[in-house]
1. Give the residue from 138, 60, 178 lying farthest towards the positive end of the charge dipole for the chain; charges sit on Cβ (+1 for Lys and Arg, -1 for Asp and Glu) and the dipole is referred to the Cα centre.
2. Near residue 108, within a Cβ-to-Cβ distance under 14 Å, what is the net charge of the other residues, with Lys and Arg +1 and Asp and Glu -1?
3. Treating only the Cβ atoms of Lys and Arg (+1) and Asp and Glu (-1) as charged, compute the dipole magnitude of segment 5-222 about its Cα centre; round to the nearest 20 debye.
4. Taking N as the number of residues in the chain, what is its alpha-carbon radius of gyration divided by 2.2 N^0.38 Å?
5. Where both residues lie in segment 5-222, what percent of DSSP beta bridges are antiparallel, nearest 5?
6. Take the residue pairs 56/109; 56/154; 109/211; 115/211; 56/160 and return only those whose Cα atoms are more than 29 Å apart.
7. To the nearest 0.05, what FRET efficiency results for residue 56 and residue 145 with a Förster distance of 25 Å applied to their C-beta separation?
8. Using bins 10 angstrom wide from zero, how does P(r) for segment 115-223 break down, in % of all Cα pairs?
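Throughout, read-outs are computed from the coordinates displayed, never taken from laboratory work. No experiment lies behind these values; they were computed from the predicted model shown. Here the Cβ positions follow ideal geometry from the backbone for every residue, glycine too, while neighbour counts run over all protein chains shown.
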Amino acid sequence: MSNPMIAPSILSADFSRLAEEAAAVAGSDWLHVDVMDAHFVPNLTLGLPVVQSLLKATDIPLDCHLMIEDPARWAPPYAEAGAYNVTFHAEATDDPISVARDIRAAGAKAGLSVKPGTPIEPYLEILKSFDTLLIMSVEPGFGGQSFMPEVLSKARAVRKLVDSGELKLVIEIDGGIAESTIEQAAEAGIDCFVAGSAVYNAADPGEAVRKLRALAAAVRSDC
Ligand code: DX5
Ligand code: ZN
């Protein structure tokens, strides 16, 4: 398997200093940006204007995680703005394939996210239309929650399909990833690890990223 990717989530960063907070994790694979609309999830964060500013402030590819209603309307503009990957929720639309098509047409990778309680089986067929699968390992809405290991069965199922060549997909996990949990996620076949509080609550966020990557890499080299 390729090297593990780490995507620090700026949800746990200082929003008044986002450029510096991005610089603090230089060398990260993606910078994870949680967009919440207070409707799909009971919290409100940031939107397109902040993403546009962030794109000017960092070279790290932006991984926009849209926890919003009506992604058909709101997701493509993030791709047009220059986000590297734009992920929306399976639970938020009846037509995920067309949203993915619009995101790709606008120049970004397309990601599908599933909440902890959403089974993956109904979506296996449409994953061909996506570049990324984001498996939520907490209920979306807030940082700092406890990792839910039961979601890893979804990662194992999709890993098999990727390893057999049936799917080409980055398998990403989001929620509760820390030094104590990243190894079990790596064992389940995760490629990309989002970490918010474990990175930005650390004394040295850059060092926290390197440590997480090393822990995941040690597991994956055994695979
Ligand atoms: C939660 C967000 C996560 C959040 C993860 O809804 O999607 O990206 O930042 O935070 P931690 O890593 O603290 O669980
Ligand atoms: Zn997220």
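1. 60
2. Numbers: positive: 101, 104, 109; negative: 63, 80, 102, 131.
Cβ neighbours under 14 Å give a net charge of -1.
3. Values: 17 positive and 31 negative charges, 74 e Å.
Dipole about the Cα centre, nearest 20: 360 debye.
4. Numbers: Rg = 15.8 Å, N = 223, 2.2 N^0.38 = 17.2 Å.
So the chain has a normalised radius of gyration of 0.92.
5. Numbers: 1 of 33 bridges.
Counting only bridges with both partners in segment 5-222, antiparallel ones make up about 5 percent.
6. Distance filter (> 29 Å) returns 56/154; 56/160.
7. Values: r = 31 Å, r/R0 = 1.25.
Once rounded, the FRET efficiency stands at 0.20.
8. For segment 115-223, the pair-distance distribution reads 15, 47, 31, 7, 0.
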